[in-house]
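Novice: For reference, the structure I am asking about is given below.
The values are calculated or read from the model by the stated rules, or taken from the named source; none is laboratory data. Keep in mind that what you see is a predicted model, and the values were worked out from it rather than measured. All Cβ positions, even for glycine, are placed from backbone atoms using ideal geometry, and neighbour counts span all protein chains on display.
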Amino acid sequence: MTDARTIESGMAAASLTAQNSPPDRDQLAVRLLKRMAGQGHEFVLNVEFQAAPGFTILFGASGAGKTTLLDCVAGLVTPDAGSIAIGDCVLFDSSRSANVAVAKRRVGYVFQDLALFPHLTVEQNIQYGLAHLPQAERRERSSAILQAFRIAHLALRRAREISGGESQRAALARTLVTDPAVLLLDEPLAALDAPTKAKIIDDLREWNRAHRIPILYVTHGREEVFALGERVIVLDAGRIVAEGTPHEVMTAPRQETVAQLAGFENIFDATVEAVHPERGTMICRLATTGHAGPVLLETPLVRAGVGSALRVGIRAGDILLATSRPQGLSARNVISGRVTSLEQRDVIVSSRVNCGVEMEVHLTLAARDSLQLATGSEVWLVIKTHSCHLMEK
Amino acid sequence: MTIDWQAFWLTLQLAVTVSAILLLVGLPVAYWIAFSRWRWKFLVEAVVALPIVLPPTVLGFYVLVALGARSPLGRWWISLTGHTLAFTFGGLVIGSILYSLPFAVQPFSASFAGVDRKLMAASATLGASPLRTFFRVIVPLSVPGLITGIALSFAHTMGEFGVVLMVGGNIPGVTRTVSIDIYDRVQASDYAGANATALVLLAFCFVVLVLVYSLNRKAWAVGPAK
C-alpha cells in the first residue's frame, strides 16, 4: 500500500515536471525513408523529426509527401527504412524488423475525406473504436465526446445524412474518443468555411489541453499555420526544408532554386547589418563594387543573425523611379543613383540604374516620357520592404 | 400430364444448399481475389471464372472422374463413408458449387473491391482487426453485390442440366432435377408434360429474380451514395 502510494505520488511529481518541460515519453520520433514510384518519376520521402505534445504543422505543396508521411506513421504505408516511435514504444524499426500492426498502434488518423462509415449512425461511428470496452463505458465515453463536439443531437443520424461541418466534427470525435497516443490530421478542415473552421479548431485546442499528445496537422493553407501553429515543419519534394515557429518558418529564407528565381531581374549578395524583431524588419547591406558607398536595404525579417550572408531578390517591376527625392513615403528604401542605360523592349522600358550596385528597373513608355529620362539622369529608386525577397545563399 | 413435384422439390433443395454454401465459400475467395497482391493472382481468377466458358459436360465429366473410385478424392470418400459420391445428391452439390462458383464470387469480389479503401484504413486505425473490418464495414457496404451473387448462383443452379446429367444421372428423388425431367419428357414425346414443367420452372425463376432485383434496388436506394 505504502509502495503503491509512493509510486503514485512519484508519478504525480513526474507529470508535474512533465508539464514544465515536454516529456520525452509522449514524443513522436520519426526517421524514415520511403521510395514511391510515381507516374514516370520516382518520389523519395526522406525525413527525420520529433514532435512533442501539441500541434506540429506539416506544411507544403501537394505532392510534397505530407500524406505519405502520415500514412507511414499510421502504418498504412511501410517505410523502406527508418524508425517510428512514440516515447519508448517502437511502432516501426527497420533495423529490428519491428512493424506494429495498424490496429495496435494507437495512432488516431482523421483522413482528408473523413471516411465516416456511411452505413452506421454517428453514434455507431463514434463507438466503432471502443469495441474492446464494456457497453456501459462505451456509451459513457461516446456521449461525453458527442457533447464536447456539439453533435449529440446527431447521434442517431446516419453518417451519410449529415452536413460537411457535422461530418468533420463526427470524424474528429470518432478518432479522439479512442484516446490515441498520437493524432494525425490530414487537412481535416480543408472544405470548411472560416467561422466553422475556427470553432472546430477551438474545440480541438480545448481537447488537446486535457490530453497533451503530439498532433501532426497537415495543411497547405498559410492562415491555418498561423492559427494553430506551435511548430511548423515545411516539406518540399519529400524533404524537410524548414522547421520552427510559424513566424520563423513562414518568413524564413527559402532555398534559392531556379523556379524561385524566375522573375527576379535583380539578385544581390548581401549581409545582415542589423535586425529589428520589434518592427519585423532587418537591414541588409548589398555587396557593392569598387569605390561606391554602402547600399542598405530594409527587408522583411527572416531567421538570420547579424553578419550572415543572404541573397536579396527584387523584381524590376517592383522598383519605383523618381526624378527628385520623394517625401512622405511608406516605402522604407529610397536610394539615389544614375541612369546608365535605357532600352525599350516592346512596351516596356528597361532602365539600368547605378546606385552602388546596378539595378534593373522596368517602366512604361509613358513614365519614361513624362519623367524625361535619359542616360545620365539622376534618379531615386524606391523599394518597399516587402518587395525584397530573401533567399539563402 | 402430371408435373413431377418431387423433381421440383429436389431442384429447390439443391439450389438453396448450393447458394448457402457458395455464400460461405465465396466470401473468403472473393475477399482474397479483391485484396490479394499476389503476382500470380490472375491464375486463380482464371480458374474461378473457367465454369463460365467451359461446357457443363466437360466440367461434369471431370467432377465425375474426381468423385469416382479411381481418384484419390473418391477413394478417400469411399473409405470414409463406404459409398461413392458420384450419382448422389452430395455429388450433385459439389458439381453445382464448382459450376456456379464464378456467379457468386465475381459479384462478391467486384463489390468488395468497390468499397472505399479509406474506410478500411479508418477501421484499422480505430483498432479493428481485418475480420472485424470485413464484417462491420466491407460486408454491409457490399450487400447489393452479395444479393446479386446469391441470386445468380441460385438461378443458375435451378436451371442447370449438363453437370447434373454427368455427375448425378437421373435417379428420381436423388438426382433427378427439373431440367432432367423436362429432357426426359421430350425424349418420350410428352410435349404437354414438358411444356407444363418448363412453364412452372420459368415462372418460378422469374418470380425469384424479380423479388431479388426489387430487393436489390431497395438495397441500392438506401445503400452508399456512389
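Novice: Which of the following residues is touching a helix residue (DSSP H, G or I) at 6+ places or on another chain (Cβ under 8 Å) and more than 14 Å from every other protein chain (Cβ to nearest Cβ): B:T133, B:T177?
Specialist: Matching residue, one of B:T133, B:T177: B:T177.
Novice: Filter region A:35-63 down to the residues that are farther than 15 Å from A:A190 by Cβ and either small (G, A, S) or touching a His at 6+ places or on another chain (Cβ under 6 Å) (or both) and list them by number. Steps first, answer last, please.
Specialist: Residues of region A:35-63 farther than 15 Å from A:A190 by Cβ: A:35-56, A:63.
Correct list: A:A37, A:G38, A:G40, A:A51, A:A52, A:G54, A:G63.
Novice: Further, regarding this structure: So A:R160 passes all but one of these: (1) within 14 Å of another protein chain (Cβ to nearest Cβ); (2) in a loop (DSSP other than H, G, I, E, B); (3) surrounded by fewer than 16 Cβ atoms within 10 Å (Cβ to Cβ). Which condition number does it fail?
Specialist: (2)
Novice: OK, next. Output the residue which, of all residues in region A:53-76 that are within 12 Å of chain B (Cβ to nearest Cβ) and under 23 Å from the mean Cα position of the chain (by Cα), is surrounded by the most Cβ atoms within 10 Å (Cβ to Cβ).
Specialist: A:V73
Novice: While we're here: Of the numbered conditions (1) at pLDDT 90 or above; (2) within 30 Å of A:H247 (Cβ to Cβ), A:F55 satisfies every one except a single condition; which is it?
Specialist: (1)
Novice: Regarding region B:141-164, can at least one residue be identified that is within 12 Å of another protein chain (Cβ to nearest Cβ), crowded, with 23+ Cβ neighbours inside 10 Å and assigned to a helix (DSSP H, G or I)?
Specialist: Looking through region B:141-164, at least one residue is within 12 Å of another protein chain (Cβ to nearest Cβ), crowded, with 23+ Cβ neighbours inside 10 Å and assigned to a helix (DSSP H, G or I).
Novice: What number of residues within region A:95-125 satisfy the criterion of being outside any loop (DSSP other than H, G, I, E, B) and surrounded by 17 or more Cβ atoms within 10 Å (Cβ to Cβ)?
Specialist: 11
Novice: For the subset of region B:2-22 comprising residues that are not aliphatic (A, V, I, L, M) and not in a helix (DSSP H, G or I), which member is farthest from B:Y183 (Cα to Cα)?
Specialist: For region B:2-22, the residue satisfying everything is B:T2.
Novice: Let me ask something additional. Would you mind stating whether A:I145 is of a type outside the set (F, W, Y), more than 10 Å from chain B (Cβ to nearest Cβ) and assigned to a strand (DSSP E or B)?
Specialist: Considered against the rule, which asks whether it is of a type outside the set (F, W, Y), more than 10 Å from chain B (Cβ to nearest Cβ) and assigned to a strand (DSSP E or B), A:I145 comes out as no.
Novice: Also: May I ask you to say which residue of A:F268, A:F264 is in a strand (DSSP E or B) and either within 14 Å of A:I383 (Cβ to Cβ) or among the aliphatic types (A, V, I, L, M) (or both)? So that I can check it myself, show each step before the final result.
Specialist: Numbers: A:F264 fails: in a strand (DSSP E or B).
Being in a strand (DSSP E or B) and either within 14 Å of A:I383 (Cβ to Cβ) or among the aliphatic types (A, V, I, L, M) (or both) holds for just one of A:F268, A:F264, which is A:F268.
Novice: Go through region B:111-134 and count every residue that is touching a Gly at 6+ places or on another chain (Cβ under 6 Å) and part of a helix (DSSP H, G or I).
Specialist: Count: 1.
Novice: Here's another thing I want to ask about it. How many residues, within region B:68-110, are under 19 Å from the mean Cα position of the chain (by Cα) and either part of a helix (DSSP H, G or I) or within 14 Å of chain A (Cβ to nearest Cβ) (or both)?
Specialist: 22
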